[in-house]
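Asker: Below is the structure I would like to discuss, written out as structure tokens.
The values are calculated or read from the model by the stated rules, or taken from the named source; none is laboratory data. Please read these numbers as outputs of a predicted model, since none were measured by experiment. Cβ sites come from the backbone with ideal geometry, for glycine too, and all protein chains shown count toward neighbours. Note: areas computed on protein heavy atoms with side chains; ligands, DNA, RNA excluded. Shrake-Rupley method; radii C 1.70, N 1.55, O 1.52, S 1.80 Å.
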Amino acid sequence: MKNIAIITDWNPGLGSGHIQRMASLADFLNKNNICRARIITARALPFTGTSFFPWTAEKIPGNTDLIIRDMRDSTGKEIDALRTVAPVLVIDDNGAGRQKADVTIDLLPNPDIEAGSEAYHPESFIYGHSFSSSIAALGDRVFQKDIDLAVYPGTEPDAQLIDYYLQLIPEGITAVILGGDKHFLAGGRTLAGQVRKSYGEIILSSKIVLSHFGITLYEGSAASARLLSLNPSDYHAHLTDLATNLAATNLGVRDSVDPAAISNIIAHALKNSPAASVSAREVLDKINAGLENFTRLIFQLKKLNSMENK
């Protein structure tokens with residue numbers, strides 16, 4: 001496989017986890033001269049600190065050897081159309097097209113697939129580009145956990161949702177609200193100014209990471225933070241329960257929990273944070289291990305290899 005086309009997307013409903021991890025994969029494959037990988041998009045990618053990303057194309061190249069589709073809920077018609085161009089590998093796909101793809105890989109737990117599925121490869125988990133690139137820039141630095149709480153409110157949250165999360169923060173603690181390209185200190189239940197640290201620095205420095213189920217929790221786990229999962233739906237809460245390797249505390253669904261109770265849980269969790277410091281190099285090793293495992297996995301897939309040889 002010399003040329004890989006990556007189909008993915010991002011928006012407030014879909015979130016940014018899919019594009020973040022596929023950008024990490026494209027970066028890794030290209031910079032290590034493993035193959036030529038392109039994300040198929042006509043718009044700038046939503047990355048922290050920059051809108052430029054070199055590994056993109058507006059259309060699937062004609063010489064594509066493999067298409068990777070990283071989105072939920074494909075249709076059979078969509079996968080059939082992609083397979084006229086090249087074999088298709090789908091990631092974390094629960095749509096009708098999953099059965100038509102040449103290969104399926106689940107990096108996250110899948111509630112619709114029985115436990116022990118051969119498609120599940122948590123050892124090949126891919127972290128987000130904003131996280132990975134900012135960690136790589138930190139070298140051998142060791143970070144003391146001097147931020148009590150990092151809160152990820154989701155992709156493009158409105159003011160009402162930001163205010164909801166601010167109400168959860170216990171008085172007297174150091175908290176940061178994570179944004180797409182800007183992060184803000186939270187104090188007195190208001191935003192108190194921009195934090196001049198990268199996304200990776202904030203995650204490494206945080207004792208607790210609060211997010212809905214998704215890539216941010218995994219990044220907090222890599223950085224040895226205590227994980228709290230507060231979700232927009234029963235589906236996300238169920239995924240939190242399935243992801244036993246995360247050891248995240250499931251706080252339930254936002255609309256059905258008492259904010260005061262959540263605030264008390266955060267305050268109690270601060271007394272039992274799992275680590276006092278973390279090495280950026282050790283976290284980078286975890287990031288690279290997932291990318292290396294995923295790369296080995298796709299290049300060893302017998303079905304894809306047999307189709308290539310036809």
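Asker: Taking T41 as the residue in question, decide whether it is over 22 Å from the mean Cα position of the chain (by Cα), buried (at least 16 other Cβ atoms within 10 Å of the Cβ) and either under 30 Å from G200 (Cα atoms) or not hydrophobic (A, V, I, L, M, F, W, C) (or both).
Answerer: no
Asker: For K182, only one of the following conditions fails: (1) closer than 20 Å to S133 by Cα; (2) in contact (Cβ under 8 Å) with a residue 40 or more places away in the chain; (3) open to solvent by 60 Å² or more (accessible area, probe 1.4 Å). What is its number?
Answerer: (2)
Asker: Identify the single condition in (1) more than 21 Å from G15 (Cα to Cα); (2) within 20 Å of the chain's Cα centre (by Cα); (3) not aliphatic (A, V, I, L, M) that D241 does not satisfy, given that it satisfies every other one.
Answerer: Among (1) more than 21 Å from G15 (Cα to Cα); (2) within 20 Å of the chain's Cα centre (by Cα); (3) not aliphatic (A, V, I, L, M), the lone unmet condition for D241 is (1).
Asker: Still on this structure: Which condition from (1) under 19 Å from the mean Cα position of the chain (by Cα); (2) within 30 Å of P153 (Cα to Cα) is the one that L89 breaks?
Answerer: The single condition L89 does not satisfy is (2).
Asker: I've got another one for you. Counting only residues that are open to solvent by less than 50 Å² (accessible area, probe 1.4 Å), out of contact with any Asp or Glu (no Cβ under 8 Å at 6 or more places or on another chain) and closer than 18 Å to D9 by Cβ, how many does segment 65-88 have?
Answerer: 4
Asker: Among residues belonging to segment 242-270 that are of a type in the set (A, V, I, L, M) and assigned to a strand (DSSP E or B), point out the one that is surrounded by the most Cβ atoms within 10 Å (Cβ to Cβ). Give the derivation first.
Answerer: Going through segment 242-270, the residues of a type in the set (A, V, I, L, M) turn out to be 242-243, 246-248, 251, 253, 257, 260-262, 265-267, 269-270.
If we keep only those that are assigned to a strand (DSSP E or B) too, we end up with 251, 253.
On the way: L251: 20, V253: 16.
This residue is L251.
Asker: Looking only at residues that are modelled with pLDDT of 65 or more, over 15 Å from N32 (Cα atoms) and more than 20 Å from the chain's Cα centre (by Cα) in segment 283-302, which one is most open to solvent (accessible area, probe 1.4 Å)?
Answerer: Result: Q300.
Asker: Search segment 245-263 for residues being out of contact with any strand residue (DSSP E or B) (no Cβ under 9 Å at 6 or more places or on another chain) and in contact (Cβ under 8 Å) with a residue 24 or more places away in the chain, and hand back the single one that is nearest to Y120 (Cα to Cα).
Answerer: Among those that are out of contact with any strand residue (DSSP E or B) (no Cβ under 9 Å at 6 or more places or on another chain) and in contact (Cβ under 8 Å) with a residue 24 or more places away in the chain, it is N245.
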